[in-house]
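Participant: So that we are looking at the same thing, I have put the structure below in structure tokens.
The values are calculated or read from the model by the stated rules, or taken from the named source; none is laboratory data. Keep in mind that what you see is a predicted model, and the values were worked out from it rather than measured. Every residue, glycine as well, gets a Cβ built from its backbone with ideal geometry; the counts of neighbours run over all protein chains shown. The area values use the complete protein model at the heavy-atom level, side chains included, leaving out ligands, DNA and RNA. Shrake-Rupley method; radii C 1.70, N 1.55, O 1.52, S 1.80 Å.
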Amino acid sequence: RAGEAVPAAQKSSWTSFMKSLAGFTGDLSAMTAPPFILSPTSLTEFPAYWCERPELFAAIADGKTEQTRALAVLKWFISTLKGQYTSRNESMGSEKKPLNPVLGELFYGYWPANEARGGKTTLVVEQVSHHPPITAYRIENIAKGVILTGHNAQKTSFSGGSIIVKQVGHAVLTVSLPSGQTEEYLITLPRLRIDGLWYGSPYIELAEMSYIQSSTGWLSTIEYKGKGYFSGKSHTFKATLTPPPHGSSEPTVIEGTWHTNSKDVHTGAVFHDVTSPKEEVTVAPIEEQSEWESRKLWFGVAKGIREGDFETAATFKGKIENDQRQKRCDEATANKTWGLKHFQYIESDPVYEHLGKLFKANPPTEDAYVYLNNGPPS
Ligand code: HCR
């Protein structure tokens, strides 16, 4: 029934939220939503989902051929989807509205070194724009020579009772090989549909296609479907890894559900399996964090949301917002703009342009944030 998961006291504010969605396009993050749907986690923490199986990230470097490395990249990518798109449902019962990061907000973390994954894997995240919200990130396992750099923004609209989210941005994975050569992989992102709004219990379904284009010519095309398409199951995908043009190898076809497991269609061998536990990122204790670090910055708000004390949450949020307004005002007076700490903006990413041409990426060019190699010492 409509609104069945909405607490009684918040039904009317959920109805108003739903009404405000109709005909809406733009920046959902700034829209006021009822307290029961608020998450205590900032969007700057989300890039950590890329590496919650650090051994799969590291294993990319162990592939002996261009084909096996392209397959390892595909396996790692598919294995991140469960975390990226179903974590909030698992930990909080439904998809929630994350905290909208402030400009300059930072999130640092790491996954410790061990034998299986070689060295330590580090994460540096910076909120590089507030309006629209854009988050830039860098993940590196230097010992293995595997690096991921990317940025993420969203364009939202409302259609047929669902929120449609177009992910704007891309990621580039580089692998430095023992031969001294470097392989690059351009990763594009799927479209999301937020379903279940009618019941007050949102969840994500992925739609359309995303691509992983290797500089070696290997291309993964991933097609996403929900209930009632390929197999009648939610979270279904079909990925095809095709060889470079004029290559003699056969394509590899993988089918399954991204939140559980998948198989190679021709051999029947298991391809990915994410039914085992993942490893969350390790973060410094709050007392050791700077004022700009996510968990320290949002501490009061997050505590209020977790404890159901929304007045306290709103007071702390108001303080952060006032502080931001003041900063923008001071900058305007001093005729200055905010300087980024870890990234530098470029209007057109040469890797996107070059690799995107090979599969006719749309749009043909995209901007990017180049990492300045100045994250916290590891
Ligand atoms: C759309 C979304 C904010 C963006 C989140 C992104 C796309 C961020 C990048 C990550 O790599 C993957 C990711 C996963 C999330 O599913 C997605 C969020 C889901 C909801 C949130 C909206 C801004 C909030 C909508 C409010 C609803 C729940 C009522």
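Participant: Treat each spin label as a single point 7 Å out from the Cα along the C-beta direction, and report the M209 to S91 distance in nm.
Facilitator: For M209 paired with S91, the spin-label model returns 3.4 nm.
Participant: Could you check how much of the accessible area of region 256-314 is carbon and sulfur, as a whole percent, using a 1.4 Å probe?
Facilitator: Solvent-exposed carbon and sulfur of region 256-314 make up 52 percent of the total.
Participant: Which whole number in µm²/s is D for region 44-112 by Stokes-Einstein, with the Kirkwood Rh taken over Cα pairs at 10 °C and 1.306 mPa s?
Facilitator: For the chosen part, D equals 114 µm²/s.
Participant: Please calculate how many Å² of accessible area the chain carries per residue, with a 1.4 Å probe and no DNA, RNA or ligand atoms counted.
Facilitator: Per-residue value: 48 Å².
Participant: For region 28-156, compute the orientation-averaged projected area of the C-alpha convex hull (one quarter of its surface), in nm².
Facilitator: Projected over every direction and averaged, the Cα hull of region 28-156 covers 8.6 nm².
Participant: May I pose another question? Output wanted: per-residue J couplings in Hz (rounded whole) for region 313-318, from phi through Karplus 6.51 cos²θ - 1.76 cosθ + 1.60, θ = phi - 60°, x for Gly and Pro.
Facilitator: Karplus values, whole Hz, x for Gly and Pro: 4, 5, 5, 5, 5, x.
Participant: Here is a follow-up. Can you compute the charge dipole magnitude of the chain about its Cα centre, using +1 on each Lys and Arg Cβ and -1 on each Asp and Glu Cβ, nothing else charged? Give it in debye, rounded to the nearest 20.
Facilitator: Dipole magnitude for the chain comes out near 800 debye.
Participant: Where the centre of each part is set by its Cα atoms, how far does region 304-371 sit from region 118-162, in angstrom?
Facilitator: What the calculation gives is 11 Å, centre to centre.
Participant: Can you list the lysines whose alpha carbon is less than 28 Å from that of K233, not counting same-chain residues fewer than 8 positions off?
Facilitator: Within reach: K75, K82, K96, K97, K155, K166, K225, K263, K278.
Participant: Mind checking which aspartates and glutamates have their C-alpha under 12 Å from K341, skipping anything on the same chain fewer than 8 residues away?
Facilitator: Within reach: E105, E126.
Participant: Would you mind calculating the relative contact order of the chain from Cα pairs under 8 angstrom and at least 6 residues apart, reporting the percent as a whole number?
Facilitator: Averaging sequence separation for qualifying contacts and normalising by length gives 15 percent for the chain.
Participant: Within the chain, what percent of beta bridges assigned by DSSP are antiparallel, to the nearest 5?
Facilitator: Close to 95 percent.
Participant: In the Gaussian network model of the chain, springs joining C-alpha atoms below 10 Å, which of V270, V281, V125 carries the largest mean-square fluctuation?
Facilitator: Answer for the Gaussian network model of the chain: V270.
Participant: Please identify the longest segment of the chain free of exposed trypsin sites (Lys or Arg not before Pro), where exposed means a DSSP state other than H, G, I, E or B and no more than 12 other Cβ atoms within 10 Å.
Facilitator: Between the exposed loop sites, the longest stretch runs 65-226.
Participant: Then there's this: Report the percentage of all Cα-Cα pairs in region 87-204 whose separation exceeds 16 Å, rounded to a whole percent.
Facilitator: Above the 16 Å cut-off, region 87-204 has 71 percent of its Cα pairs.
Participant: When the Kirkwood hydrodynamic radius is evaluated over all pairs of different C-alpha atoms of region 300-378, what value in angstrom, to one decimal, is obtained?
Facilitator: Evaluated over region 300-378, this radius sits at 16.6 Å.
Participant: If you don't mind, another one. With a Förster radius of 56 Å, plug the Cβ-Cβ distance of A2 and T65 into 1/(1 + (r/R0)^6) and report the FRET value to the nearest 0.05.
Facilitator: 0.55
Participant: Related question: Take the alpha carbon atoms of region 1-77, find their radius of gyration, then divide it by 2.2 N^0.38 Å using N residues; give the quotient.
Facilitator: 1.80
Participant: Let me ask something else about it. How are the Cα pair distances of region 271-327 distributed, in percent, across 5 Å bins from 0?
Facilitator: Binned Cα distances yield the sequence 4, 17, 17, 17, 15, 10, 8, 6, 4, 2, 0.
Participant: Taking H as built 1.01 Å from N, whose amide H comes closer than 5 Å to the amide H of L99, not counting residues under 5 places away?
Facilitator: Residues meeting the amide H criterion: S39, T41, S42, L43.
Participant: Still on this structure: What are the extents of the Cα atoms of the chain along their three principal axes, listed from largest to smallest and rounded to whole Å?
Facilitator: 63, 52, 39
Participant: Based on alpha-carbon atoms only, what is the radius of gyration of region 205-278 relative to the globular estimate 2.2 N^0.38 Å?
Facilitator: In units of the 2.2 N^0.38 Å rule of thumb, it is 1.17.
Participant: Right, here's the next one. Leaving ligands, DNA and RNA out of it, work out the accessible area of V265 with a 1.4 Å probe and give it in Å² to the nearest 10.
Facilitator: We get 70 Å² for V265.
Participant: Say we join alpha carbon atoms closer than 10 Å with springs in a Gaussian network model of the chain; which of I320, I139, I204 then has the biggest fluctuation?
Facilitator: Among I320, I139, I204, the largest GNM mean-square fluctuation belongs to I320.
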